[in-house]
Amino acid sequence: MLRDRGETSDLDNDATCRRLLDLLATLPFDRLAKAALGEPPRVRAILGAAGQQTGGDERSVKLLRDSLNPLSRFEFGKLDCLAHSREWQAK
């Protein structure tokens, strides 16, 4: 879902965001953040925005933020409705 920016979801944008946030609430965010370091920057940005919205571990959110080039901008697709998407360099 993160790699394809939620584009394969049959749900509308808001429902896709809610589904992502619901899934993230059931998983340990610190482990997801560490695993995401091997993913493309767009995936790290989307996960960081979602983690910030769900109240993920602050150290893990910072780890994701520090892994991004501050000059880059990312296409979030259907996940653009995340509350902190602009803070995470969404176009």
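Residues that are acidic (D, E) and not in a loop (DSSP other than H, G, I, E, B) were ranked within the stretch 1-59; the one that is farthest from H84 (Cα to Cα) is D30. Checking each residue in the stretch 26-62 for being surrounded by 18 or more Cβ atoms within 10 Å (Cβ to Cβ) and of a type in the set (A, V, I, L, M, F, W, C) picks out F29, L32, A33, A36, V43, A45, I46, L47, A49, A50, V61. Picking from residues in the stretch 17-58 that are within 15 Å of Q89 (Cβ to Cβ) and among the basic types (K, R), the one that is farthest from the chain's Cα centre (by Cα) is R42.
Condition check for P70 on (1) in a helix (DSSP H, G or I); (2) without any contact (Cβ under 8 Å) to a residue 24 or more places away in the chain; (3) not polar (S, T, N, Q): one failure, at (1).
Values in this text are rule-based calculations from the coordinates and carry no lab data. Model, not experiment: these values are computed from the prediction. Ideal geometry is used to build each Cβ from the backbone, glycine not excepted, and the neighbour counts take in all protein chains shown.
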